[in-house]
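Here is the structure we will look at, set down as structure tokens.
Please treat every number below as a calculation from the coordinates, not as lab data. Quick caveat: nothing in here was measured; it's all calculated off a predicted structure. Backbone-built Cβ (ideal geometry, glycine too); neighbour counts: all protein chains shown.
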Ligand code: NAP
């Protein structure tokens with residue numbers, strides 16, 4: 001069967017025979033992949049023109065809702081994906097990371113988009129920058145989706161996770177995707193793409209997939225496109241240097257190989273919970289997905305004094321690992337993804353053996369359970385021990401992308417840090433210690449060389465997500481050898497597909513562009529109290545200026561009695577006078593906020609459903625008994641929750657005194673019904 005590409009809105013088969021894609025356990029040919037004859041320029045055009053236009057017409061919330069629906073749809077089909085995933089050599093547990101981990105990541109990003117992004121097409125980045133004395137000229141950073149395509153070149157090890165964790169941020173940003181799965185396991189990615197296409201949940205052109213090579217696609221890239229590459233450092237270096245990428249400043253995100261380390265701190269000697277946790281984690285990282293994880297622990301850094309105990313414990317833990325057909329009960333570790341990959345891993349083990357001794361695992365004598373070792377891509381867990389860590393080179397540079405790790409002893413903390421740094425940039429490291437000062441020293445020592453550092457001790461281990469798991473809200477990537485890229489990290493990953501620009505202009509112009517009212521912009525005086533207006537009738541800039549209220553000693557004392565807040569600055573003139581900030585008795589800041597609400601609310605039953613918080617509250621100037629305050633409330637930003645029948649309305653709020661000076665400043669956050677009377681909601 002020829003694996004088809006999904007391009008230009010339909011399935012398309014390349015010319016020629018193509019590369020054979022094989023079952024990792026039996027060697028049987030599953031499909032052949034070729035993209036010969038692909039019109040890559042047309043694929044990019046389709047993405048930019050058809051997919052990009054459709055996405056950019058939607059708001060962040062609409063895109064998030066689409067991704068959420070897609071995630072739920074895929075979850076319903078997961079058993080079909082699990083079944084096919086066995087052919088990649090993955091056990092059910094391995095596939096859980098790939099399939100449910102991938103769908104979960106997509107759903108998590110969709111959730112963040114719905115919760116943390118506005119229902120808008122432009123993302124504001126940071127606060128307004130005042131640029132002029134009179135306030136008529138201001139600056140504001142905004143992010144808009146790039147007008148190109150996101151080209152995702154993925155590794156073979158996580159065909160589903162790798163595709164979905166990149167798809168979700170790009171689509172949420174408003175950028176269509178052309179995905180090129182690694183050929184070895186492209187049949188699984190293709191099945192997921194087929195189900196996505198059938199669902200019609202994504203507009204045409206938003207997702208295309210190339211089975212096989214990308215042909216001359218790179219020649220057609222422009223500065224509006226983004227390449228996100230996952231794979232080996234060699235390929236990344238080659239692609240990064242492509243004339244179009246370098247010459248047209250194409251954004252290039254790389255996640256490459258990595259000699260990740262796990263550091264056992266000197267306090268975590270045998271017999272401590274941290275020692276046991278360390279052994280369990282190293283053994284798990286070596287065997288999950290047969291060690292084919294970019295984040296897997298490759299360097300096992302241990303104090304010299306603990307090295308013998310670590311070796312004995314790891315040997316015991318790895319001895320019991322049953323290797324075989326991942327479909328067979330009792331098998332803990334399946335084969336690598338292909339025989340080619342097996343050859344590659346065995347060659348890299350030979351490289352490592354020049355500096356390290358194999359202390360556990362012999363590929364030659366492996367008898368896989370339920371499978372033919374001659375046909376499948378089986379390798380047992382192989383543990384090595386480095387003879388001279390300080391002078392060794394390969395153990396810090398050679399990645400055997402399989403169930404392989406090397407124990408490397410260090411003499412003291414400084415040497416431990418120095419050895420960790422010799423990986424020259426890794427995706428993830430972990431430190432096992434119950435001594436937080438020691439952990440801090442180790443973490444700060446290795447931090448500049450890592451994208452993520454996990455510290456494990458007895459208090460957090462039970463709920464720890466583990467060394468090797470990239471998580472949707474946390475950054476995945478690393479400096480130097482790890483590629484220098486960054487993905488995920490919540491909404492950080494979305495911004496990789498957007499152009500950030502600095503806008504300069506008048507407050508009114510920037511309000512119109514960004515959709516958020518800026519101080520200095522026009523304040524509209526609506527005929528009715530803005531709290532009487534349902535969501536759609538509210539206009540950005542609608543303003544209420546309240547009546548004045550005098551703050552009295554009686555107010556302050558009543559508030560103190562009611563709340564129990566009898567802080568001396570509110571209660572005692574003489575003690576408050578000694579306070580260098582106040583010089584005399586002042587009102588509670590919280591009283592001002594409460595009094596301001598009393599001044600601005602419209603009490604009658606109406607469209608305002610509730611207040612869900614304040615943002616950016618600052619008490620700017622003390623208010624003394626006898627001062628008179630008033631409030632200005634301006635509709636600052638609106639974000640519709642279309643499915644809920646209400647929208648979030650942010651009000652720019654300023655309390656001033658009788659001299660017109662600002663005493664407090666904040667945003668009031670409300671939920672406002674789309675109906676004049678909320679009981680009309682359906
Ligand atoms: P690879 O050879 O670099 O391949 C990675 C991807 O690049 C595949 O999709 C491959 O397609 C594609 N590719 C290769 N040459 C290309 C070219 N000239 N133009 C366009 N695309 C090209 O890596 P691998 O050996 O398959 O994967 C294992 C490596 O990936 C390991 O080193 C591992 O550490 C790394 N990895 C890193 C991460 C991470 O997040 N940092 C995650 C997983 C894996 P074909 O399959 O068609 O050749």
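Apply 1/(1 + (r/R0)^6) to the Cβ-Cβ distance of residue 69 and residue 574, taking R0 = 51 Å, and write down the FRET efficiency to the nearest 0.05.
The formula returns an efficiency of 0.20 here.
Of the peptides 163-170, 402-409, how do they stack up when ordered by the mean number of other Cβ atoms within 10 Å, highest first?
163-170, 402-409
Work out, step by step, the length gained on full extension between residue 238 and residue 513: first 0.36 nm times the residue separation, then minus their alpha carbon distance; give nm to one decimal.
Going from the current span to full extension adds 95.0 nm.
Using only Cα atoms, tell me the angle between helix 161-173 and the longest principal axis of the chain; keep it within 0 to 90° and round to the nearest 10.
Value to nearest ten degrees: 30.
What whole-number distance in Å separates the alpha-carbon centres of the stretch 1-75 and the stretch 536-576?
Measuring centre to centre over Cα atoms gives 60 Å.
Rounding to the nearest 10 and keeping the result within 0 to 90°, find how far the Cα-based axis of helix 273-287 lies from the longest principal axis of the chain.
Around 60 degrees separate the two axes.
Could you tell me the relative contact order of the chain? Use alpha-carbon pairs under 8 Å, at least six residues apart, and round to a whole percent.
13 percent
At 222 nm, what value in deg cm²/dmol follows for the chain if DSSP H runs of at least 4 each add -39500 (n - 2.57) and the sum is divided by all its residues, to the nearest 500?
Mean residue ellipticity at 222 nm (helix-derived): -9000 deg cm²/dmol.
Using 1/(1 + (r/R0)^6) with R0 = 45 angstrom and r between the beta carbons of residue 347 and residue 269, what's the FRET efficiency to the nearest 0.05?
0.80
Beta carbons within 10 angstrom, averaged per residue: use that to sort the peptides 310-320, 283-293, 570-580, highest first.
283-293, 310-320, 570-580
Using a 10 Å cut-off on Cβ atoms, rank the peptides 651-660, 126-135, 425-434, 141-150 from the highest mean neighbour count down.
Top to bottom by mean Cβ count within 10 Å: 425-434, 141-150, 651-660, 126-135.
Which stretch or stretches of the stretch 145-175 have amide N atoms under 17 Å from the point lying 7 Å from residue 115's Cα along the Cα→Cβ direction?
Within reach of a label on residue 115, which here means backbone N under 17 Å from a point 7 Å along Cα→Cβ, the stretch 145-175 contributes 169.
Modelling each spin label as a point 7 Å along the Cα-to-Cβ direction, I'd like the residue 198/residue 133 distance in nm, to one decimal.
For residue 198 paired with residue 133, the spin-label model returns 7.0 nm.
I need to check one value: relative contact order of the stretch 79-153, counting alpha carbon pairs closer than 8 Å and at least 6 residues apart, in percent.
It comes to 18 percent, rounded to a whole number.
Give the order of 360, 635 when sorted by the count of other beta carbons within 10 angstrom, beginning with the fewest.
360, 635
Going by how many other beta carbons lie within 10 Å of each one, how would you line up 600, 158, fewest first?
Listing 600, 158 from fewest to most nearby Cβ atoms yields 600, 158.
How much length, in nm to one decimal, is gained on full extension between residue 284 and residue 617, taken as 0.36 nm per residue of separation minus their Cα-Cα distance?
Gain on extension, residue 284 to residue 617, equals 115.2 nm.
Given Cα pairs under 8 Å that are at least 6 residues apart, what percent is the relative contact order of the stretch 260-467?
29 percent
In whole Å, what is the distance between the alpha-carbon centres of the stretch 343-406 and the stretch 120-150?
Comparing the Cα centres of the stretch 343-406 and the stretch 120-150, I get a distance of 52 Å.
Computed FRET efficiency, Cβ-Cβ of residue 679 and residue 57, R0 41 Å: what is it to the nearest 0.05?
For residue 679 and residue 57, the calculated efficiency is 0.75.
Could you tell me the center-to-center distance, by alpha carbons, between the stretch 580-610 and the stretch 259-336 in angstrom?
58 Å
Enumerate the residues in the stretch 612-627 having an amide nitrogen under 20 Å from the point lying 7 Å beyond the Cα of residue 567 toward its Cβ.
614-627
Any chance you could give the angle, 0 to 90 degrees and rounded to 10, that helix 60-76 forms with the longest Cα principal axis of the chain?
40 degrees
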